[in-house]
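The values are calculated or read from the model by the stated rules, or taken from the named source; none is laboratory data. Predicted model only: the values in this text are computed from it and were never measured. Because the Cβ atoms are built from the backbone with ideal geometry, glycine has one as well, and the counts that use them run over all protein chains shown.
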Amino acid sequence: MPHATELLYALGLGDSVVGVTHECDYPPATAELPRITRDVLPAGLSAAEIDAAVRDRTERGEAIYLLDEEKLAELEPDLIVTQELCPVCAVSYEEVRDAAKKLDPCPTVIALDPKTFGETMGDIRTLAQATDAREAALDLVARQRARVDRVRLALKGARRRRVIAIEWFDPVFIAGHWTPQLIDMAGGTDLLGFAGEHSEQLDWELLDAAKPEVVVCIPCGYDGPRALAEAEQFSDRLRALGANEVVALDAAAYFSRPGPRLVDGLETLAHALHPDRVTEAPGRVHRVML
C-alpha cells in the first residue's frame, strides 16, 4: 500500500521495490513501477455513492480491489508489505497471504497495522529489521522526532484551538487513529476524535453540539483541491457549525497514509492552526469560504 512504498523509499530501498499498488504515487519514481492492484469501483462517484458501493460490496463479501496474482508471480518478490488496518484502503491481508503461498519460493509477508502516531514510527523499525536497513531507520526516526520537537517548541504556551477533523462528508465521519494526536501536537484539542480508535460515523447534530473553533476537512484519500471541492459542496452544513475557520488539507499525502509524511501533515496542520507560531508548512492550507 502507498504508505509502505513511501517508507521503503524513505529508508533508501527504492531500487529494491519491484511492484506497487495502483494508488502508490509518491515518490514520483513509483510511476515507473508495475501496478499489481486495481480499483473495481467506477470512477467519478460522489462521496455518498462511494460509501454505498463500498458497504454493498463489503456486505456481499466482494472485494473493492483486485490483486494481479499473475503479475505478482512474474515479479518474484522476496518481501511483500501489506496491511490489516482497513479493508477499504487496500487488498485484504488474507488475500495477499493466500497469493503469497502460491509462489515458489514463498515470500515473507509483513502486515503493517498502525493505529497511533507512535505505531507509525514503530513501522520504520519493523521494515528496517526485515530489510537490514537499521542505520537508515535510526537516521529517519531521528529526523522525524527532530521535526516534531520543533513544532512542539514553536507552540509552547500557545492557546489551544477547538478542532473537529472531518474524514468523510457523506455520511460524515470524524477522523480517528493518529489524527487526534496530530491535532494535539499541532496545538489543538480534538473535540470528537479518539486517538488509536477507528474513524467514526456521526450525525451532523453532534458536530453542531461540539461548537468547534476550527474545522479541518481531510476526506480520506483526496488531495487538497479535491478536499476543498468536497468541503464547498457541504458549505451549508459547515457554516451551521459556527466555526471561525474551515480549512481543507491534502489528506492523501499527509493524513490518510500513516507513512513518513505524517510529519509533513503535522507541520501543515500546525501552520493552519497557529500561522503566527509556525509560519511555513510543506503543504498548502485551503481556506473554505462560507
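Summary of computed values
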quantity	calculated
Residue among Ala142, Ala136, Ala130 that is over 28 Å from Tyr222 (Cβ atoms), touching a strand residue (DSSP E or B) at 6+ places or on another chain (Cβ under 9 Å) and either at pLDDT 95 or above or in a helix (DSSP H, G or I) (or both)	Ala130
Long-range neighbours under 6 Å by Cβ, at least six apart or interchain, first residue part of a helix (DSSP H, G or I) within the range 1-13, second of a type in the set (Lys, Arg)	Pro2/Arg257; His3/Arg257
Failed condition for Leu85, given (1) crowded, with 17+ Cβ neighbours inside 10 Å; (2) under 30 Å from Asp51 (Cα atoms); (3) modelled with pLDDT of 90 or more	(3)
Selection status of Leu67, surrounded by 15 or more Cβ atoms within 10 Å (Cβ to Cβ) and at pLDDT 90 or above	yes
Filter pass, Asp236 being more than 17 Å from the chain's Cα centre (by Cα), acidic (Asp, Glu) and part of a helix (DSSP H, G or I)	yes
Residue in the range 170-183 that is nearest to Thr268 (Cα to Cα), counting only those that are in contact with a strand residue (DSSP E or B) (Cβ under 8 Å, 6 or more places away or on another chain) and not small (Gly, Ala, Ser)	Ile183
Matching residues, the range 112-121, being surrounded by fewer than 16 Cβ atoms within 10 Å (Cβ to Cβ) and at pLDDT below 95	Asp113
Some residue of the range 246-262 being surrounded by fewer than 20 Cβ atoms within 10 Å (Cβ to Cβ), outside any loop (DSSP other than H, G, I, E, B) and not small (Gly, Ala, Ser)	no
Residue that is more than 26 Å from Arg261 (Cα to Cα), surrounded by 13 or more Cβ atoms within 10 Å (Cβ to Cβ) and among the small types (Gly, Ala, Ser), where the choices are Ala10, Ala73, Ala47	Ala73
Number of the exception - Ala175 against (1) of a type outside the set (Asp, Glu); (2) surrounded by fewer than 18 Cβ atoms within 10 Å (Cβ to Cβ); (3) modelled with pLDDT of 95 or more	(2)
